[in-house]
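Notes follow once the structure below has been shown.
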Amino acid sequence: MAGGALQAVPVIPEEITDQCRRGGSLLIGGGPGSGKTILTFSLLHALKALGHRVLFVSTRLPTSTLLETTPLCRSLGLEHLVDASMQRAYSQEPAIASMPLAGIADLSMLLQERADRDTVVALDSWDALLQREKGSRGEVYATASEMLNRTPGSLILTTEHPSDFNPLQHVVDAYLTLGVEEIEGNRLRFLRVEKMRGRIVSTSSYLFTLADGVFKAFNPQDWWLHVKPLKASRLPEPVPDKANCFSTGVPKLDKILGGGYGQGSTVGIEVSLDAPHELFDLTFLLTAFDFLLKQRPMLILPPEARDEESLWDTVRRIVDENLWRSLKTDMIDNYAKVVSLGPPGAKECSVEGLGKDIETDLAIWRKARKEMKYKFAQPMLYVIGYDTLVRRYGNGPVEPLIGRHLLETRTLGDLLISIVTDDLDAKRCLLGISDYYLQLKMVKGIPLLRGIKPRTASYIVSLTNHSGFPNLDLDIIS
C-alpha cells in the first residue's frame with residue numbers, strides 16, 4: 001500500500017541523516033512526548049526518499065494507534081511496519097506484519113532476515129523490548145552490542161530515560177537527546193547531539209518543532225550569509241495586496257496579520273541586540289522588495305548606524321552578481337533613497353547636514369520625502385532605525401519624533417517601519433503608538449517572532465529559498 005502525501009516535509013540535520021546512510025547505529029533519548037517517535041518516522045521518511053529500504057518495528061504501541069496519531073506512519077507504507085507490541089489490535093490491517101519479540105535475540109533474528117546493507121530499521125522502543133528480557137543486565141548489553149555489530153544496515157533505537165546511564169550510549173555510533181525548555185514564556189523543543197562518531201559536530205543543539213506531525217529542525221548556521229550566501233538569480237513575483245493593506249512581502253506573515261500592514265499604518269519591530277545584521281535587514285528588506293517590484297518609492301534611515309553600502313550588503317549576499325546589477329540599476333537607484341547618520345561622533349555623513357542636530361535631520365528627511373512623493377505620486381515606504389537616532393541623540397529628543405512620524409504617515413496613507421533594539425527605552429514609546437508591534441528575539445542562535453500588537457503565537461523564523469528567491473518562513477512553535 002502506497003503512503004499518502006504529506007502536508008509538510010521533515011527537515012533533519014544533515015549529519016544525522018548521513019550517519020544512518022552510512023550504516024551507523026543511532027540512539028534517540030527523550031522523555032514522554034519529547035518527539036522521539038516523530039523524529040524516527042521523519043528520519044525513515046527522508047531515508048526512503050533517498051532510496052533506502054526502511055522498516056519500523058513497534059514494541060511500545062500497536063501500529064493501529066500509530067496510524068491514527070502519526071501521519072508519517074502511513075506515509076511509509078504499511079508493508080514497512082512491523083507490530084511487535086504486546087497489545088496488538090484485532091483490527092490490524094493485513095499488510096502490516098505481526099511479529100512478537102521475546103527479547104533482543106528475536107530482534108537480531110528479524111534484522112538478519114529482513115535487513116541488508118541498504119536497510120534502515122527503527123525500533124520504538126528499546127525500553128519496551130528490554131522489559132521482556134530475562135537475562136542479567138550485563139548479558140543483555142553484551143547481546144545488544146553483538147546485535148549492533150552484526151546488523152547489516154543501519155539501526156535506530158529510542159529510549160525514554162536519557163538521564164539514566166545506558167550502556168548503549170557507548171556502543172552506538174550516534175546519540176541524540178530531545179528535551180523541552182521554557183524560555184520567556186515559550187515552550188521550546190531542542191535536539192542535542194551528544195555523540196557523533198567519526199564526524200566533527202559543528203552544531204550541537206537544534207531548535208525544532210513537531211508542527212503538522214513532522215520533525216523540522218532549525219540550524220543557527222543557516223543565518224550565516226557571510227559564510228553561506230544564497231545568491232538567487234531571479235526576483236520574486238510581487239505579493240498581491242489585500243484590500244486596504246500593504247503586503248509585508250512575507251505571505252505567511254500577511255496571513256498572520258490578517259492581510260498585511262494596513263495602509264497609513266506604523267509598524268514597530270523590536271530586535272534582539274545580538275541579532276545578526278542579516279536579520280536586522282530582513283525585518284524590512286522583504287517588504288522593501290515588494291514595494292520596489294510594485295514601483296513604489298522608499299526612504300530609509302538604516303538601523304545599527306549603517307551606511308548605504310553596508311545596508312545593501314545583505315542584498316548582495318542573497319542575490320547573484322547579475323541580479324544585483326539589474327536590481328541596483330533598474331530599481332534601487334530609481335526608487336530608493338538611503339540617508340545615513342553614521343556612528344555617533346562621525347564627522348561626515350552620506351547626506352549633507354545630517355547628524356548635526358535632530359531638527360536639521362528631520363528637515364532633510366521631510367524634504368527628501370516631499371520630493372519623492374511629488375516625483376512618484378505613489379504610496380511610500382519609510383524605514384527608520386530609531387536605534388540609530390537614540391544612540392546619537394538620546395531618548396529625550398527622539399521620542400517626540402516617533403509621534404510626529406506616525407501622524408504624517410497616516411495623513412499620507414504610507415507605511416512606516418520603525419526598528420529599535422531591545423535594550424533601548426524608546427521601545428516603550430514605539431509600542432504605545434504603533435499600529436503593529438513585532439518582537440524578534442534570538443534564542444540559542446535562532447530567531448523567534450511574535451506579535452505584541454496584534455497579539456500572536458510565537459514563530460520560529462528561518463530563511464528559505466524554495467521559490468528561487470530568499471524569503472522568511474514562519475513555523476509556529478509546537
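Some points to look at:
- Using R0 = 35 Å, the C-beta based FRET efficiency linking L407 and S310 works out to 0.70.
- Distance from the stretch 430-478 to the stretch 197-237 (C-alpha centre basis), Å: 16 Å
- Distance from the alpha carbon centroid of the stretch 321-343 to that of the stretch 242-276 works out to 22 angstrom.
- Rounded to whole Å, sorted largest first: equivalent-ellipsoid semi-axes of the stretch 1-136, Cα gyration tensor: 22, 18, 15
- Paramagnetic label reach from T329 (point 7 Å along Cα→Cβ; backbone nitrogen cut-off under 19 Å): within the stretch 229-258, residues 232-236.
- Sorting the segments 389-398, 369-378 by their residues' average number of neighbouring beta-carbon atoms within 10 angstrom, most packed first, yields 389-398, 369-378.
- Once the C-beta distance of R428 and Q378 is scaled by a Förster radius of 30 Å, the resulting FRET efficiency is 0.35 to the nearest 0.05.
- Ordering of 103-110, 69-76 by packing [mean C-beta count within 10 Å, highest first]: 69-76, 103-110
- Accessible area in the full protein assembly, largest first, 1.4 Å probe, for C20, C429: C429, C20
- Zone of R22's modelled label, taken as backbone nitrogen in the stretch 197-213 under 18 Å from a point 7 Å along Cα→Cβ: 197-204
- Solvent-accessible area, 1.4 Å probe, carbon plus sulfur percent, for the stretch 1-134: 53 percent
- Using θ = phi - 60° in the Karplus curve 6.51 cos²θ - 1.76 cosθ + 1.60, the 3J(HN,Hα) couplings for the stretch 201-209 round to 8, 7, 10, 9, 9, 10, 7, 8, 10 Hz; x is entered for Gly and Pro.
- Distant-in-sequence amide H partners of S265 (H built 1.01 Å from N, under 5 Å): L416
- Helix axis angle, 36-49 relative to the chain longest principal axis, alpha carbon, degrees: 90 degrees
- Computed over the chain, the per-residue total of -39500 (n - 2.57) for DSSP H runs of n ≥ 4 gives a 222 nm mean residue ellipticity of -10000 deg cm²/dmol, rounded to 500.
- Virtual spin-label span in nm between K453 and L50, 7 Å along Cα→Cβ: 4.8 nm
- Considering only the chain, percent of DSSP beta bridges that pair antiparallel, nearest 5: 40 percent
- Summarising the amide proton neighbourhood of L157: residues at separation of 5 or more, or on other chains, whose placed amide H is nearer than 5 Å comprise L26, L27, I28, L123.
- Against the chain, whose longest principal axis is taken from its Cα atoms, helix 277-293 shows a tilt of about 70°.
- Working ranking of peptides 188-195, 140-147 by packing, defined as the average number of other Cβ atoms within 10 Å per residue, highest first, is 188-195, 140-147.
- Solvent-accessible area of L50 with every protein chain in place, 1.4 Å probe, in Å² to the nearest 10: 90 Å²
- 1.4 Å probe accessible area per residue over the chain, in Å²: 43 Å²
- Förster radius 22 Å - calculated FRET efficiency between E113 and E146 (Cβ-Cβ, nearest 0.05): 0.85
- Kirkwood-type radius of the stretch 162-235, with distances r between different C-alpha atoms, in Å: 15.0 Å
- Distance (nanometres) between label positions extended 7 Å along Cα→Cβ at L362 and V201: 5.5 nm
- Degrees separating the helix 358-376 axis from the principal Cα axis of the chain, which is the longest one: 80 degrees
- ³J(HN,Hα), Karplus 6.51/-1.76/1.60, whole Hz, each residue of the stretch 452-464, x for Gly, Pro: 8, 9, x, 6, 10, 5, 8, 10, 7, 9, 10, 9, 10
The values are calculated or read from the model by the stated rules, or taken from the named source; none is laboratory data. Just so it is clear, the model here is predicted, and its values are computed rather than measured. Cβ coordinates were reconstructed from backbone atoms using ideal geometry, including for glycine residues, and neighbour counts include every protein chain displayed. All accessible areas refer to the heavy atoms of the entire protein, side chains included, with ligands and DNA or RNA removed. Shrake-Rupley method; radii C 1.70, N 1.55, O 1.52, S 1.80 Å.
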